[in-house]
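Report on the structure given below.
Every read-out reported here was derived from the displayed coordinates using simple, explicitly stated rules and does not represent laboratory data. Keep in mind that this is a model prediction, so the values were computed, not measured. Cβ coordinates were reconstructed from backbone atoms using ideal geometry, including for glycine residues, and neighbour counts include every protein chain displayed.
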Amino acid sequence: MGLFSTERVLVPFDFSDEASKALTNAVEFVGDASRLYVLHVLHRLESTEPSIVWQTIDDNTRRQNVEKAFSEKFDPALGIHFNVAIGDPGSEILDFAEKNDITLIVIPSHGRTGLGRFFLGSVAERVMRYAHCPVLVLRR
């Protein structure tokens, strides 16, 4: 019996190098990529943004672009469950984990300190504090 249950593992993914490494490590750790759930969270568009005002982009188009970018980076044949949410990253990760009975969250930390962390907040820290399941934070 291992320290963590790897039945349903969530890896939040923002296309950063740290997130790519976290996903690669999670695939190796779990062994079966079909038990991995990857979530990318898009921020909500403001009604004053040019793409909204000129109606050149919508949430559906944004989702399709993210899904395409992910499938180009990781082979769909691996069987990874990829999802896109729109909203606050910390809240969306926590909601997704609870709704999908996730047993472990593997999340990279971007390693911000000082004012950067104060002003931007830490998604990893918020997830770690409020998740219903164990959270494995991978540091840079």
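Which lysines, on any chain, are close to Lys99 with Cα under 25 Å apart, when same-chain ones fewer than 8 places away are left out?
Straight-distance partners of Lys99: Lys68.
Kindly provide log₁₀ I(q)/I(0) values, in the same order as q = 0.21, 0.27, 0.29 Å⁻¹, from the Debye equation applied to equal alpha-carbon scatterers of the range 68-114.
Scattering profile of the range 68-114, log10 relative to I(0): -0.99, -1.14, -1.13.
I'd like the Karplus ³J(HN,Hα) series for the range 89-106: coefficients 6.51, -1.76, 1.60, θ = phi - 60°, whole numbers in Hz, and an x wherever there's a Gly or Pro.
Result, rounded to whole Hz: x, x, 5, 5, 5, 5, 4, 4, 4, 5, 5, 9, 6, 5, 9, 7, 10, 10.
If you count, for each residue, the other Cβ atoms within 10 Å and average over each peptide, how do 11-22, 97-108 line up from highest to lowest?
Peptide ranking by packing, descending: 97-108, 11-22.
Check Val38: other-chain or 5+ apart residues with amide H under 5 Å from its amide H, H built from backbone geometry?
Val11, His81, Phe82, Asn83
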